Amino acid sequence: MKRKNVAYAATAGAAVGVLGLTALALPAGAGAAPALPPVAPEQLVESVMRATPPALTGTVEVDNALGLPAIPGAGQASELLSDGTSKFQVWADGQGRHRVSVPSHNGEMTVVDDGSTVWKWDSSEQKVVRSTGHAPESAEHQGPADPAAAARQIIDKLRQTSDVKVDGTASVAGRDAYELVLTPKPTERTLLREVRVAVDAEKRIPLELSVLTNGSNDPAFQVGFSDIDLSAPDPALFRFTPPAGAEVTDGKAEHAPQQRPDRPEGEHKVVGDGWDMVVVAQVPQQQEKQQGGQDFRQIAERVGKPVSGPWGNGWIIGTAAGNALLTSDGRVAAGAVPEQVLTAALGGA
């Protein structure tokens with residue numbers, strides 16, 4: 001979880017990347033359900049957690065029905081979070097190197113992780129951000145560009161607070177898969193009804209994950225593989241040289257140690273765990289301004305609902321899958337939870 005992304009994710013309302021609950025899903029794969037050997041839910045979960053991340057080339061499709069307000073000046077992130085469908089490309093070598101390419105209306109954002117340095121190239125701005133010094137990738141980490149790894153992290157976070165079952169099979173991106181369903185236990189205070197994960201029958205990697213909210217039979221947010229090739233990509237894809245004339249700046253390390261719930265780390269704190277966890281953060285001063293000169297408060301005032309309480313006053317931005325609150329003194333809180341859970345976490349933090 002990158003500190004500089006926490007504030008934007010919270011202000012956007014979906015808490016994408018912060019919660020890891022609404023980040024991934026894909027429409028149900030076309031084709032008849034394949035006949036596969038029966039598997040117990042816990043056996044399927046354990047096989048997902050033990051699976052070795054493979055090399056891959058894939059197209060990721062995002063289908064968003066969150067109803068998230070447009071966030072001015074948020075670039076590619078806003079485009080991916082906006083209602084509708086979008087696509088981007090991902091590559092991984094299975095050894096900790098990754099590449100992602102996200103198109104936009106006026107250019108492309110390319111992120112290359114060569115195993116020691118993360119390069120972010122924005123063709124529309126002709127700018128490169130270089131981040132070094134992060135800890136070596138573990139064998140289990142498949143990088144931010146790979147939906148399979150992110151979905152596996154979601155399963156790991158939710159399994160202890162969920163009822164888990166296997167609900168048939170599916171064909172996703174041309175591959176046979178089991179349908180794993182996680183439903184929040186009655187004690188969980190969340191807007192989400194269930195998470196459905198299509199797990200590759202052979203490789204046991206997540207291919208598709210659908211997030212459904214209370215009161216709707218349609219997924220609220222969907223993203224995942226629309227096609228996938230598990231052969232090794234060209235190694236040259238994981239090398240990056242800044243284009244001639246590009247402005248190159250140094251950023252901070254992208255990969256921080258995983259934090260424990262209810263323990264502060266950096267400028268944010270996680271309150272609770274499982275389905276109803278809430279992230280509370282202080283907006284870093286250097287991140288208050290977005291492109292186009294608008295700061296987070298101006299955005300919140302424009303698209304949010306005024307609220308107040310013992311914690312102070314601010315603005316709520318809500319979606320089908322979660323809420324985010326920005327206070328007038330620069331704090332943010334976000335979660336896939338009702339508003340009262342969010343404000344209680346903010347007051348407690």
**Item:** Selection within the range 25-58 - part of a strand (DSSP E or B) and at pLDDT 90 or above
**Value:** Leu56, Thr57, Gly58
**Request:** State yes or no: is Thr183 open to solvent by less than 60 Å² (accessible area, probe 1.4 Å), at pLDDT 95 or above, more than 23 Å from Glu61 (Cα to Cα) and hydroxyl-bearing (Ser, Thr, Tyr)?
**Result:** yes
**Prompt:** From the set of residues in the range 215-230 that are open to solvent by less than 50 Å² (accessible area, probe 1.4 Å) and assigned to a loop (DSSP other than H, G, I, E, B), which is modelled with the lowest pLDDT?
**Reply:** Ser216
**Item:** Test: Ala198 is of a type in the set (A, V, I, L, M, F, W, C), more than 13 Å from Val39 (Cα to Cα) and open to solvent by less than 40 Å² (accessible area, probe 1.4 Å)
**Value:** yes
**Qualifying residues in the range 142-166 (those that are open to solvent by 50 Å² or more (accessible area, probe 1.4 Å) and either at pLDDT below 95 or basic (Lys, Arg) (or both)) - the one farthest from the chain's Cα centre (by Cα)** = Lys165
**Prompt:** In the range 240-273, which residues are surrounded by 13 or more Cβ atoms within 10 Å (Cβ to Cβ), closer than 26 Å to Met109 by Cα, modelled with pLDDT under 50 and not hydrophobic (A, V, I, L, M, F, W, C)?
**Reply:** Glu254, His255
**Item:** Residue that is nearest to Asp234 (Cα to Cα) [pool: residues in the range 88-100 that are touching a strand residue (DSSP E or B) at 6+ places or on another chain (Cβ under 8 Å) and open to solvent by 40 Å² or more (accessible area, probe 1.4 Å)]
**Value:** Trp91
**Request:** May I ask you to verify whether Pro233 is assigned to a loop (DSSP other than H, G, I, E, B), at pLDDT 90 or above and surrounded by 12 or more Cβ atoms within 10 Å (Cβ to Cβ)?
**Result:** yes
**Fill in**
Counted residues in the range 305-315 being under 17 Å from Val280 (Cβ atoms) and touching a Phe, Trp or Tyr at 6+ places or on another chain (Cβ under 9 Å) come to 1
**Asked** Within the bounds of the range 285-304, is there any residue that is modelled with pLDDT of 90 or more, outside any loop (DSSP other than H, G, I, E, B) and surrounded by 14 or more Cβ atoms within 10 Å (Cβ to Cβ)?
**Response** no
**Prompt:** Which of the residues that make up the range 101-125 are under 19 Å from Ala55 (Cβ atoms) and open to solvent by 20 Å² or more (accessible area, probe 1.4 Å)?
**Reply:** Val111, Asp114, Gly115, Ser116
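The values are calculated or read from the model by the stated rules, or taken from the named source; none is laboratory data. Just so it is clear, the structure is predicted and the values come from calculations on it, not from any experiment. Every residue, glycine as well, gets a Cβ built from its backbone with ideal geometry; the counts of neighbours run over all protein chains shown. Just so you know, the surface numbers come from the protein's heavy atoms only, side chains and all, with ligands and any DNA or RNA stripped out. Shrake-Rupley method; radii C 1.70, N 1.55, O 1.52, S 1.80 Å.
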